[in-house]
Every structure is written in structure tokens, then in C-alpha cells.
1. What number goes with the only condition from (1) closer than 20 Å to G186 by Cβ; (2) in a helix (DSSP H, G or I) that R131 does not pass?
2. When you check A105 against the structure, is it within 30 Å of S61 (Cα to Cα), touching a Lys or Arg at 6+ places or on another chain (Cβ under 8 Å) and of a type in the set (A, V, I, L, M), yes or no?
3. Among (1) in a helix (DSSP H, G or I); (2) modelled with pLDDT of 90 or more; (3) buried (at least 18 other Cβ atoms within 10 Å of the Cβ), there is one condition P189 misses while meeting the rest; what is its number?
4. Determine whether the stretch 201-212 contains at least one residue that is at pLDDT below 70, at positive phi and not β-branched (V, I, T).
5. Suppose we filter the stretch 148-164 for residues that are over 19 Å from F225 (Cβ atoms) and in a helix (DSSP H, G or I); how many remain?
6. Give me the residue from the stretch 148-180 that is under 22 Å from V79 (Cα atoms) and β-branched (V, I, T) and, out of that set, nearest to the chain's Cα centre (by Cα).
7. For the stretch 138-175, which residues satisfy the criterion of being buried (at least 20 other Cβ atoms within 10 Å of the Cβ) and of a type in the set (G, A, S)?
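The values are calculated or read from the model by the stated rules, or taken from the named source; none is laboratory data. Bear in mind that the values here come from a model prediction, so they are computed numbers and not experimental data. Methodologically, a virtual Cβ is constructed for each residue, glycine included, from the backbone with ideal geometry; neighbour enumeration extends over all protein chains shown.
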Amino acid sequence: MSQILPRTPAPRLVQPQAQAVAITAKALKPMLMAGALIAVAAALPLLGHGAAQTELVNAVSQGGIRGQSLFLLLSTFLVAIGLPRQVPAFAAGYAFGPVYGSIIALVAQVLACSLDFIWARAVGQGFIRRRFGDRFAKLDKTLSDHTFVTTLTLRLLPVGNNLLLNLAAGLSSVKLLPFLAASALGFIPQTLIFALFGHGSQPNHAHMLALGGAMFAASAALGVFLFLRTRRSA
């Protein structure tokens, strides 16, 4: 009888594939860094509030789906490179009304948040951990241990820098989905408030300004309450 020999498994290509991925990622980092710097340099004239609002209004003036799409893309880009997120919310409220304006501004803010997070993680996380491992560990622990509550609290506070928080989260061990979910929830109050301000700046809508002011005070109070509660439980 002929002996049946066991099949020899085909050689696995995991190691070469992993090496290829690592080489590709290493090669892409300088390109991502250079692309971001070029984009920021090109958009610097737009980061002034007046210039940004003018460009956003120009985008809306295109009309229809085209105007809305341009507004969304421009808002996403400008918020991602540092424009205060309240500016597109105000312009969206003026152009589209408080409800639809809030929705389109909120989508732009979440997209910008995602871009900042992914860019920071892809380009800078390894460097930061090597260079500032011990000093960055405390911030990493604060954001990672209670990602949702910490992020929500910081988003609700009336002070703070949206871009810096996005980048810090990307550089840390925070998971993307909880961070985005808390950010989206925390963005809602001020987005709606500034959309109301934008709508209220039109004639015969002054009552919207009063409503927006009351909501801003309530949102700030909630943020401070969560911040103090988090500090006491730490």
C-alpha cells in the first residue's frame, strides 16, 4: 500500500506582509505631515472669523445641494485646522435655519474631529510615546480611563481648544468610537446655540438670541458640574 504523506502547509507570508505595511506606513508619515502643513499654510487667511464667515456664505450662495456640500466640506476643513467650531454653526444657522443649520454644522464638526484624531494617531503617536512617554502618561491615563465622560465634560465647558483636544486624543490610547460619540453629544448644545444666534441675527428673529443665551448658560453650567464631579471622583 502506498503511504499517504501529510500535506505540507503552504508558506505563510504574514511576516513579509507585515513588513510591507510597516514600510508603507513609515513612508506615508512624511507625506501626511507635509500635506497638513501645506493645507494649513494655504488656509491661514481663512482662519479669521470674518474671512471664514465670508467664504462660508459664498459657499452657500452656490445654492442647492452644491452649496450645501461646499459649505460642509469647507466647514470640515476649517474646523479641522483650528477654526472655532462655533463659527460654522453661526453661519449655518443664518443660512439654513437653526435645525438644519445645527445638523450640517454638527456633521462638519464630527468629521473634522475624526480627521484630526486619525492624522495625529497616524503621524505623531509613536514619536510622542518615545519622546514624552512618562510626561504624556498622565494625560493618556486621564483620557483613556474614562474616555466618554472626560470627553463629554471637556466638550461642554465654555472654554477650551477643540483642535488641541482632538490631537491629544489621537496621540493617546483613546479609542476612536467612544471619543467621537462623546464629542458629538458634547458638540450639540453649543452648535444649536450658535445656530440660534446666527438665525437670530436676521431681522424679526431677535428672540432667538435670548433663547440661545439661556441655552449657553445652561450648557456651561452642566459642563462645570460634570467637571467638578469628575475631579471629586478622581
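1. If we test R131 against (1) closer than 20 Å to G186 by Cβ; (2) in a helix (DSSP H, G or I), just (1) comes out false.
2. On the way: within 30 Å of S61 (Cα to Cα): yes; touching a Lys or Arg at 6+ places or on another chain (Cβ under 8 Å): yes; of a type in the set (A, V, I, L, M): yes.
Yes.
3. Failed condition: (2).
4. Taking every residue of the stretch 201-212 in turn, at least one turns out to be at pLDDT below 70, at positive phi and not β-branched (V, I, T).
5. 3
6. Among them, the one singled out is T151.
7. Across the stretch 138-175, the qualifying residues are A168, A169, G170, S172.
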